[in-house]
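Some notes on the structure that comes next.
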Amino acid sequence: MTTLEHLNAGWLHAPPNPRISCHCLLLRDRAGTALVETGIGLQDVRDPIGRIGQHLIDLAGFKFSEPDTAVRQLARRGVASRDVTHLVLTHLDPDHAGGLADFPGAEVHVSSEELDAMRGGHPRYLPIQFGHGPRWVSHGPGPAEDWFGFPARRLDLGFESPVLLVPLFGHTAGHCGVAVRVGPGWVLHVGDAYYLRGELADRDHPVGPIAAAQSVDNAKRLETLERLRVLQQDHGDEVLLLGYHDVTELPQALGGSAAA
Ligand SMILES: [Zn+2]
């Protein structure tokens, strides 16, 4: 059986915007352990200016706390860095990829479009976060399999539960959701396809202009959001959508308000 646990690997707070989370998922299976998203990492905490830079720290509201890093939280749950066999990233923005260096032995799964965009030198990414030489495993553009109408890319983790990258482009060139089968249903981690869950219900949500400004292709981002609304409407009983930044989607024990 593949089990799923939630963790929040860091906070961002740039007033007047609300405090937002770094909602990661820990998947444990007999075949290995995977971390979906990596949050703000130990190296970021130790050298915020050198790694992130003051401008981005202020802009995004990065908070640095060693106990909040994924590697420290996993250790408290009995999972050592070397036990993590796979990292699965929705995209490579600094608040998602900061913890990569804390798991140097893990394979790092990402879409080929995202890896290309980072390697192509797009300025939104921080090369220093990849300086340790991650063991990249890129996926796509093909072959794809149908997942609720999305052309998904299955990861070969050997886990009992299937894990798929689901293209949700727009925020970045290769931004993907991560779908994991949990019991009879699915969890879809949508990364930054929405910042706040309220965007699913409200097409004029106040966070919209920020999301538009942060996206590389806003038309694609809006198209993605529309597809997620349809997914939620048609299959909301089978698929639980979760984002990275919405505090209300975190379990209460982690500072959120969602049922565990
Ligand atoms: Zn983000």
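Taking every alpha-carbon pair under 8 Å whose residues sit at least 6 apart, region 3-250 reaches a relative contact order of 17 percent. Over the residues of the chain, the helix contribution to mean residue ellipticity at 222 nm works out to -6000 deg cm²/dmol, using -39500 (n - 2.57) for each DSSP H run of at least 4.
Modelled spin-label separation between ALA253 and ALA31, with each label point placed 7 Å from Cα along the Cα-to-Cβ direction: 2.7 nm.
The distance from the alpha carbon centre of region 30-84 to that of region 116-191 is 19 Å, rounded to a whole number.
Are there trypsin sites (Lys or Arg not before Pro) in region 202-260 that DSSP marks as loop and that have at most 14 other Cβ atoms within 10 Å, and which are they? Passing sites in region 202-260 are ARG203. Electrostatic bookkeeping for ASN17 treats Lys and Arg as +1 and Asp and Glu as -1; over the other residues with beta carbon under 15 Å from its beta carbon, the sum is -3.
A Cβ-based charge dipole, computed about the Cα centre of the chain with Lys and Arg at +1 and Asp and Glu at -1, lands at about 520 debye. Could you give the Stokes-Einstein D for the chain in µm² per second, using the C-alpha Kirkwood radius, 25 °C, 0.890 mPa s? Diffusion coefficient, whole number: 135 µm²/s. Comparing ALA213, ALA34, ALA70 in a Gaussian network model of the chain, where Cα atoms under 10 Å apart are tied by springs, the biggest mean-square fluctuation is seen for ALA213.
Rounded to the nearest Hz, the phi-derived 3J(HN,Hα) couplings of region 121-137 under the Karplus curve 6.51 cos²θ - 1.76 cosθ + 1.60 (θ = phi - 60°) are x, 4, x, 6, 8, 10, x, 4, 6, 10, x, 7, x, x, 8, 5, 10, where x marks glycine and proline.
Placing +1 on the Cβ of every Lys and Arg and -1 on the Cβ of every Asp and Glu, with no other charges, gives region 12-113 a dipole of roughly 400 debye about its Cα centre.
Read-outs throughout are calculated quantities, based only on the coordinates presented, and are distinct from any laboratory measurement. Predicted model only: the values in this text are computed from it and were never measured. For neighbour counting, all protein chains shown are included, and Cβ atoms are generated from backbone atoms with ideal geometry for every residue, glycine included.
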